[in-house]
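Take a look at the structure below.
The values are calculated or read from the model by the stated rules, or taken from the named source; none is laboratory data. What you see is a predicted model, and the numbers here were worked out from it, not measured in a lab. Here the Cβ is made from the backbone with ideal geometry for all residues, glycine too, and neighbour counts use every protein chain on show. For the accessible areas, the whole protein counts, side chains as well, though only heavy atoms, and no ligand, DNA or RNA atoms are used. Shrake-Rupley method; radii C 1.70, N 1.55, O 1.52, S 1.80 Å.
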Amino acid sequence: MPPADEEYLLVAAPSWARHVEEHPSAEDICTAVRDVRPVTYAEDLPIVRRYWRNVFGKQLSARAAGAVPNLYAVVSAVTAGAGYSVLPRSLCEEHLADGRLALLHEPVEPPPLNTLFLVQRPGADANPDVVRVRDRLQHAARTW
């Protein structure tokens, strides 16, 4: 059984969220964000493209504002106002709660999910440290 599913959210800094809300086409989020660039960890925008395809049923035509090394850097860049992104709830929840990020869109259907799996190399059970970490992760995953 997979330990958890992570939910993806379309987010931006509050200043960009206000810009999108005030856009003449604010009811059409795809149009309202056209002049805001996405920030991602890869130039081909894999998470953002998947969100667009699954939630809006459209192909994303935007180009990245920039690619940063990982999702933590995406959170930092978006929080600093570099653009918008689609991020796992687990990485941006604290930023949303304290107002550093704003949710740009709440889909009618559940947003895209990414199922997380816990794997280990064959023979890793021989290492008690690996077993201890695996067991703690499995226990913690029950609350995710």
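Please give the direction-averaged projected area of the C-alpha convex hull for the chain, in square nanometres with one decimal. Let's see the in-between values first.
On the way: hull surface 40.7 nm².
Taking a quarter of the hull surface, the average projection is 10.2 nm².
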Query raised in the report: Which order do Arg136, Arg18, Arg121, Arg50 take by accessible area at a 1.4 Å probe, largest first?
Result: Arg121, Arg136, Arg18, Arg50
Query raised in the report: Residue farthest toward the positive end of the dipole of the chain, with Cβ of Lys/Arg at +1 and Asp/Glu at -1: which of Ser90, Ala140, Ala67?
Result: Ala67
Query raised in the report: What is the dipole size for the chain, taken about its Cα centre, with +1 at each Lys and Arg Cβ and -1 at each Asp and Glu Cβ, in debye to the nearest 20?
Result: 400 debye
Query - Size of electric dipole in the stretch 1-62: Cβ of Lys, Arg +1 and of Asp, Glu -1, about Cα centre, debye, nearest 20 - result: 200 debye
Requested in this report: DSSP loop (so not H, G, I, E, B), at most 16 other Cβ within 10 Å: list which GluC sites (Glu not before Pro) in the stretch 39-128 pass both filters.
Outcome: Glu43
Query raised in the report: What full-extension length gain, to one decimal in nm, is calculated for Glu109 and Ser61 as 0.36 nm per residue of separation minus the Cα-Cα distance?
Result: 15.0 nm
Report summary line: Residue-normalised 222 nm signal for the chain, counting each DSSP H run of n ≥ 4 as -39,500 (n - 2.57), nearest 500 deg cm²/dmol, is -10000 deg cm²/dmol
Query raised in the report: Distance from the Cα centre of the stretch 108-136 to that of the stretch 28-87, in angstrom?
Result: 27 Å
**Report entry** For the stretch 32-86, size of Cβ-based charge dipole, Lys and Arg +1, Asp and Glu -1, in debye
**Finding:** 220 debye
Report summary line: Using the Cα gyration tensor of the stretch 1-75, the equivalent ellipsoid's semi-axes, largest first and to the nearest Å, work out to 22, 15, 13
